[in-house]
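The values are calculated or read from the model by the stated rules, or taken from the named source; none is laboratory data. Computed from a predicted model, the values in this text were never measured in an experiment. Don't worry about glycine lacking a Cβ; one is built from the backbone with ideal geometry, like all the others, and counts go over all protein chains shown. Surface accessibility is based on the protein's heavy atoms, side chains included, excluding ligands, DNA and RNA. Shrake-Rupley method; radii C 1.70, N 1.55, O 1.52, S 1.80 Å.
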Amino acid sequence: MLKIGELAELAGISRDALRFYDKHGLLTPTARTDSGYRLYSKSDVLRISFILSAKEVGFTLNEIHQLLELEVTKDKKSCQDVKEFVDNKIQVVNQRLIEMKKIKQSLKTLSVACCGGDEPATHCTILGALSTN
């Protein structure tokens, strides 16, 4: 069994992150000491690795929770179920990319409209454009 500090060090994250995952139902300590310290098992080490891997590829906490449910019930789910979950995430990411490209273009337009000089910003075209929107 590992204490929270040992698991945090092993996973390369903070104790607060582990407490956060616990609070949000993603990682529950296997046991607690008589004084209330969290204790984690090897399966908890694998679970935190799963959580961190899912987070790294862009899944939200809610999505990670759903993935963990899929992982726990994988004998009742098909690969198609998991693939559909990931494909839905790809659609969300594609939509965000479209939105980010629009934001980038708007920022470029604002930047080009500004002279970028040393004069006071009282007549700055960027501030003016943002104030009228």
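The chymotrypsin sites (Phe, Trp or Tyr not before Pro) found in the stretch 20-52 that occupy coil by DSSP, while having at most 16 further C-beta atoms within 10 Å, are Tyr37. Solvent exposure of the chain amounts to 74 Å² per residue of accessible area, where only protein heavy atoms count and the probe is 1.4 Å. With the biggest extent put first, the Cα atoms of the chain measure 66, 41, 22 Å across the principal axes.
In the stretch 6-133, the portion of solvent-accessible area held by carbon and sulfur atoms comes to 57 percent [1.4 Å probe, whole percent, DNA, RNA and ligands not counted]. Exposed loop sites were defined as trypsin sites (Lys or Arg not before Pro) in DSSP loop states (anything but H, G, I, E or B) carrying at most 16 other C-beta atoms within 10 Å; in the chain the longest segment without such a site runs 1-73. A DSSP coil position with no more than 16 other Cβ atoms inside 10 Å describes none of the GluC sites (Glu not before Pro) in the stretch 1-97.
In this rough spin-label picture, where each label sits 7 Å from Cα along the Cβ direction, the Ser49-Gln95 distance is 3.4 nm. Once the Cα atoms are used to define both axes, helix 79-113 deviates from the longest principal axis of the chain by about 30 degrees. Summary value for the chain: 15 percent relative contact order, contacts being C-alpha pairs under 8 angstrom separated by 6+ residues.
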